[in-house]
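Read the structure below first, then the notes.
The values are calculated or read from the model by the stated rules, or taken from the named source; none is laboratory data. Keep in mind that this is a model prediction, so the values were computed, not measured. Heads up, the Cβs are rebuilt from the backbone with ideal geometry, glycines too, and the neighbour counts pull from every protein chain shown.
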Protein chains: 2
Amino acid sequence: MSDQSPTERVAYRFAVHVMPKSGILDPQGRAVEQSLPHLGVAGVRDVRVGRRVELTVEAVDEAAALAVVERLAHELLANPLIEAYRIELVAAIAAARTA
Amino acid sequence: MSDQSPTERVAYRFAVHVMPKSGILDPQGRAVEQSLPHLGVAGVRDVRVGRRVELTVEAVDEAAALAVVERLAHELLANPLIEAYRIELVAAIAAARTA
């Protein structure tokens, strides 16, 4: 007998990185670049500012959890017209037995 | 003779992850969580929304480049009262010989 029942769910922590696409204006990145001379910092360029969204998903396995994150990234977290996203699995953090 | 002159500089690409500290209110994370039922998504929790800042630093070596990023993260990119940051080296992307 396996000790993994069909109702055992695992919690996965993901990070979704949402960045402005190449060529898309990035006003926050520009603002950082324009602050650099005031700080006396030289040699810094190509600043891009995006979002990092961390979230925990409970699912039966990693593939099911990833499917949820993919859907959220596409429909809610990123604007596909102007932003690109990348999903990173941070950790499988716990098992939660529900039955 | 070495082919590495003192004026040879390397460009490093970093990512700075800036996240709200644990216990600090995160209204963007709450907004995402409150959208989940409307999308019919269950099993997602602990959503935190922060920033990902990518930047390129030219310096004589990785330690010098990292020192610049540390200073920017502390003084410009994060608010140390309410945010924590982590620096990730993405790539040493090119050598730029200046002499």
Task: Every residue from region A:51-74 that is facing another protein chain (nearest Cβ under 7 Å) and in contact (Cβ under 8 Å) with a residue 24 or more places away in the chain - done: A:R51, A:R52, A:V53, A:E54, A:L55, A:T56, A:V57, A:E58, A:A59, A:L72
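Within region B:54-63, identify whether any single residue is crowded, with 17+ Cβ neighbours inside 10 Å and in contact with an Asp or Glu (Cβ under 6 Å, 6 or more places away or on another chain), and answer yes or no.
Looking for residues that are crowded, with 17+ Cβ neighbours inside 10 Å and in contact with an Asp or Glu (Cβ under 6 Å, 6 or more places away or on another chain), one finds at least one in region B:54-63, hence yes.
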TODO: Please give the number of the condition A:P6 fails out of (1) modelled with pLDDT under 95; (2) on the phi > 0 side of the Ramachandran plot.
DONE: (2)
Task: Residue tally, condition in contact with a Gly (Cβ under 6 Å, 6 or more places away or on another chain) and hydrophobic (A, V, I, L, M, F, W, C), over region A:3-56 - done: 4
Open item on the list: Restricting to region A:26-50, count the residues that are within 8 Å of another protein chain (Cβ to nearest Cβ), under 21 Å from B:V10 (Cβ atoms) and small (G, A, S).
Closed with: 1
Task: Residue list for region B:6-33, restricted to those being farther than 25 Å from A:P20 by Cβ and not in a loop (DSSP other than H, G, I, E, B) - done: B:E8, B:R9, B:V10
Open item on the list: Looking at A:L89, A:L55, A:L76, A:L81 in this structure, which one is farther than 30 Å from B:E75 by Cβ and part of a strand (DSSP E or B)?
Closed with: A:L89
